[in-house]
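Undergrad: Here it is, the structure in full.
Rule-based calculations on the coordinates, nothing more; no lab input. Keep in mind the model is a prediction, meaning the values are calculated, not measured. Every residue, glycine as well, gets a Cβ built from its backbone with ideal geometry; the counts of neighbours run over all protein chains shown.
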Amino acid sequence: MLSQLCFADDLIMLCHGSLSSALILKAALDEFSLLSGLHGNHAKSKIFTSDVSSTISQQLINLFSYTVCFLPIRYLGIPIISSRLCLRDCSPFMDKVSARLTSWLNRCLSYAGRLQLIVSVLASLQVFWASYLCVPNKVLKIIEQKIISFLWKGIEGDSRVQKSAGLIFVSLRKREVLASRTYPLRTKPL
C-alpha cells in the first residue's frame with residue numbers, strides 16, 4: 001500500500017517497511033520523474049524507518065540514497081512519531097499556550113476580553129492540534145488549568161481558582177470553549 005501526504009511543495013510518501021513496498025515506491029517516483037521531468041532533491045529528501053530490522057533499513061537506504069533521519073520530527077509544528085503521544089511530545093503545544101497567556105498578562109483585560117481571547121485564539125490552536133493528533137488527557141487538563149486561572153484571575157499557572165457567582169465551563173477535549181454568563185448574586189428579593 002502506498003500512501004502520500006501533500007502540503008504546498010512538500011510530499012511525504014509512506015509505505016510498508018519491506019523491500020517490495022519500497023521498490024513499488026521507487027518505481028512510482030521514477031515514473032513520475034520520467035513523465036513530468038521533475039526530480040526529487042536528494043539534498044532535501046530524507047528517509048525514516050521505524051520498527052524494521054537493520055538489514056532492511058540498510059537496503060532501503062541503499063535503494064533511495066537519501067539522508068537517514070530518525071523519529072520524532074516536526075512537520076508544520078506537529079510532532080511525527082511512531083508511538084503514542086506523551087506529555088513530552090506535546091510540550092511545544094503547551095509552550096505555545098503558555099506563551100500566549102504570558103503575552104496577554106501585562107494587558108489590562110476585562111473578564112470578557114480574556115474570554116474572547118481564549119475562545120478565538122487558544123481554542124483554534126487546540127483544534128489545529130486535535131485535528132491531526134489525539135492529544136493526551138493529561139495535556140488537556142494542564143492547559144485547562146492554565147486557561148481557567150487566566151480567565152478568572154488574570155494570572156497564569158495558579159490552579160487555585162476562587163469561586164465566583166456564575167458558571168464557566170472550558171473544555172478543550174470537545175474542541176470547543178463554552179461559557180455561560182456570570183450573574184451577580186442577589187441578596188435582596190426583587
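Undergrad: Rounded to the nearest 0.05, what FRET efficiency is calculated for residue 14 and residue 119 with R0 set to 30 Å and r the Cβ-Cβ distance?
TA: Working: r = 36 Å, r/R0 = 1.20.
The computed FRET efficiency comes out at 0.25.
Undergrad: On to the next question. Calculate, for residue 27 and residue 73, the FRET efficiency according to 1/(1 + (r/R0)^6) with r their C-beta to C-beta distance and R0 22 Å; round to the nearest 0.05.
TA: Working: r = 26 Å, r/R0 = 1.17.
Efficiency for this residue pair is about 0.30.
Undergrad: Label-point separation (nm) for residue 94 and residue 43, each offset 7 Å from Cα along Cα-to-Cβ?
TA: 3.9 nm
Undergrad: Which pairs in the list 46/146; 96/138; 96/153 are over 27 Å apart, alpha-carbon to alpha-carbon? Don't jump to the answer; show the numbers that get you there.
TA: Numbers: 46/146 38 Å; 96/138 16 Å; 96/153 20 Å.
Where the Cα-Cα span goes over 27 Å, the pairs concerned are 46/146.
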